[in-house]
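To keep things clear, I will list the structure first and then write my remarks on it.
The values are calculated or read from the model by the stated rules, or taken from the named source; none is laboratory data. Small disclaimer: the values here were computed from a predicted structure and weren't measured. All Cβ positions, glycine included, derive from the backbone under ideal geometry; neighbour counts span all protein chains shown. When the accessible area is computed, the model is the full protein with side chains, heavy atoms only, and any ligands, DNA or RNA have been set aside. Shrake-Rupley method; radii C 1.70, N 1.55, O 1.52, S 1.80 Å.
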Amino acid sequence: MERSLVLVKPDGVQRGLIGEAIARFERRGLRLVAAKFIWVSKELAEAHYAEHKGKGFYDGLISYITSAPVMAMVWEGPNAVAAIRQTVGATKPWEAAPGTIRHDFALEVGRNLIHASDKPETGERETALWFKKEELVEWSRAIDAWVFEK
Ligand code: DAT
Ligand code: MG
C-alpha cells in the first residue's frame, strides 16, 4: 500500500477548495491516514522543498507555501502516488489534463493549489517530515474489499 503526502496549498485554502480536493480523493477510493490544518514554518517549507533550493522560483515557492495555512494530509491506497498525481494534474496547470484539479481550478505554476508526492519513496519521506508517527491513523473501511483487490 502506497502513501502520499497531499497539501492543499495556501491558494487552495483561501479559495475554499479544501473540500473539493478531499472529495476527489475520497471518491477515487483513497483512504485518509492523517490530516492537519497548519501554518507552515520557514524551516518546514525549506525542508519540504530542499530539492528546489537554488532554482529561480525557490524564494517565491517558500513565500507562497508560508503565506497562509495549508491543509496537510496523507492518503493511502494501491498505486496511490501515481493515482493522486493523476487526479492533481501536471505541475503547469495549462498542461494539466481536463478533469484534474490543476486544470479545473488553476492557471499559474506558482498558484497550482495542491502538492502531491512524486514517488513512493517521496511519499514515505514526506509523510515522516510532516507527521509524527502517532498522528498517522491505521484503520480499515467496511468498503475496502470493494476498492482494494487485496
Ligand atoms: P510538483 O508540485 O508538480 O511536484 P515540482 O516538484 O517540480 O512540481 O515543483 C514544486 C513546485 O514548485 C510546483 O508545484 C510549483 C513550483 N514550480 C515548479 N516549477 C516551476 C517553475 N518553472 N516556475 C515557477 N514555479 C515552479
Ligand atoms: Mg514535486
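Tabulated values for the structure
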read-out: Looking only at the stretch 86-106, and only at residues there that are under 18 Å from Glu26 (Cα atoms) and under 15 Å from the mean Cα position of the chain (by Cα), the one that is nearest to ligand 2 (Cβ to nearest atom); value: Val88
read-out: Criterion: of a type in the set (Gly, Ala, Ser) and out of contact with any strand residue (DSSP E or B) (no Cβ under 7 Å at 6 or more places or on another chain) - qualifying residue of Gly77, Gly56; value: Gly56
read-out: Neighbours by Cβ (under 6 Å, 6+ apart or cross-chain): first from the stretch 39-51, free of Cβ contacts under 8 Å to residues at least 24 places away in the same chain; second part of a helix (DSSP H, G or I) and open to solvent by less than 30 Å² (accessible area, probe 1.4 Å); value: Ala45/Ile62; Ala45/Ile65; Tyr49/Leu61
read-out: Count of the stretch 47-62 residues which are open to solvent by less than 70 Å² (accessible area, probe 1.4 Å) and either part of a strand (DSSP E or B) or more than 12 Å from ligand 1 (Cβ to nearest atom) (or both); value: 1
read-out: Residues satisfying the stated conditions in the stretch 100-145, i.e. open to solvent by less than 70 Å² (accessible area, probe 1.4 Å), among the small types (Gly, Ala, Ser) and closer than 18 Å to Asn79 by Cβ; value: Ala116, Ser117, Gly123
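Yes/no matrix, rows are residues, columns are (1) part of a helix (DSSP H, G or I); (2) closer than 20 Å to Phe37 by Cβ; (3) more than 10 Å from ligand 1 (Cβ to nearest atom); (4) not hydrophobic (A, V, I, L, M, F, W, C):
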position: Val74; (1), (2), (3), (4): no, yes, yes, no
position: Trp94; (1), (2), (3), (4): yes, no, yes, no
position: Gly99; (1), (2), (3), (4): no, no, yes, yes
position: His115; (1), (2), (3), (4): no, yes, no, yes
position: Gly123; (1), (2), (3), (4): yes, no, yes, yes
position: Glu138; (1), (2), (3), (4): no, no, yes, yes
position: Ala142; (1), (2), (3), (4): no, no, yes, no
position: Trp146; (1), (2), (3), (4): yes, no, yes, no
position: Glu149; (1), (2), (3), (4): no, no, yes, yes
